[in-house]
Amino acid sequence: MSSTRVLIADDHSAIRAGLRLVLEAAPDIEVVAEAADGEGAVRQARALRPDVVLMDIRMPGTDGVEATKAITAQGLSEVLILTTFDVDEYLFGALRAGAAGFLLKTVEPGNLIDAVRRIAAGDGVLAPEVTRRLLAAFTSGPALNPASNPFLNPPVRPELRALTSLTSREHDILAALGRGLSNADIAAELSISEATAKTHVSRVLAKLGLTSRVQAAIIAKEAGLA
């Protein structure tokens, strides 16, 4: 089994040490580096190309949201936010920046390990504490009104227009993402391999100019596909 390579970014050395102990207790996870701020996280991600960056939000200098935006824009790694702060500003900012997951530091060790594996496999992960707010945002206003949707930066319509570039199968994939299905679930539903499902998801993201499956799920709901 190949190892999932993880970069830990947090400004507290004790927290980084604790996270390293938790993650490296799993035989299939390797912590390849640590960073004490967002700038260091981007630099290390560019040099090492880890599978997952475990990213804190509040750090000196470049914060976790800006670092996430830089990492995902360059395709350097998937980003899993791990923060103490359960506030909408950070949740929505992280998802807009392209984070594939958002967890709180109260997460149990086993659940954190599982989340890292899922993010590395191409799935998305959200803390149960924030999922209800995520769903509520979809009913907060008119579907195509950017001001009513805290997840997307305007304009919304270019992404929706790009839907015409998707094949029939890619529309099915996008609809599945809108329903929150994992790659394994998509594979089972469409009778394809998990690797093929992951490839289709990557193509959908590329065609729509998105950086995470969470953003794709939002677009699917905006378009009425899910």
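Search the range 113-143 for residues being out of contact with any strand residue (DSSP E or B) (no Cβ under 7 Å at 6 or more places or on another chain) and of a type in the set (A, V, I, L, M), and hand back the single one that is modelled with the lowest pLDDT.
Selected residue: 143.
Kindly indicate the residue of the range 176-218 that is at pLDDT below 85 and β-branched (Val, Ile, Thr) and also nearest to residue 114 (Cα to Cα) among those meeting that condition.
214
Does the range 171-186 hold any residues that are touching a residue at least 24 places away in the same chain (Cβ under 8 Å) and β-branched (Val, Ile, Thr), and which are they?
Scanning the range 171-186 gives a single hit, 173.
Among the residues of the range 28-36, is there at least one that is assigned by TED's automatic domain parsing to the domain that holds residue 92 and in a helix (DSSP H, G or I)?
Within the range 28-36 (the criterion being assigned by TED's automatic domain parsing to the domain that holds residue 92 and in a helix (DSSP H, G or I)), the answer is no, since none of the residues qualifies.
Give the residues of the range 71-103 that are within 20 Å of residue 5 (Cα to Cα), surrounded by fewer than 20 Cβ atoms within 10 Å (Cβ to Cβ) and not polar (S, T, N, Q), sorted by residue number.
Residues satisfying the conditions are 73, 75.
In this structure, is residue 22 in a strand (DSSP E or B), modelled with pLDDT of 95 or more and either farther than 17 Å from residue 111 by Cα or within 21 Å of the chain's Cα centre (by Cα) (or both)?
no
What number of residues within the range 1-19 are in a loop (DSSP other than H, G, I, E, B) and farther than 19 Å from residue 69 by Cβ?
Adding up the residues that qualify gives 4.
Residue 51: among the acidic types (Asp, Glu), crowded, with 18+ Cβ neighbours inside 10 Å and in contact (Cβ under 8 Å) with a residue 60 or more places away in the chain, yes or no?
Yes.
Listed residues 184, 175; which is surrounded by fewer than 21 Cβ atoms within 10 Å (Cβ to Cβ) and under 13 Å from residue 123 (Cβ atoms)?
184
The values are calculated or read from the model by the stated rules, or taken from the named source; none is laboratory data. Remember, predicted model here, so these are calculated numbers, not experimental data. Counting neighbours? That spans all protein chains shown, and the Cβs are built from the backbone with ideal geometry, glycine included.
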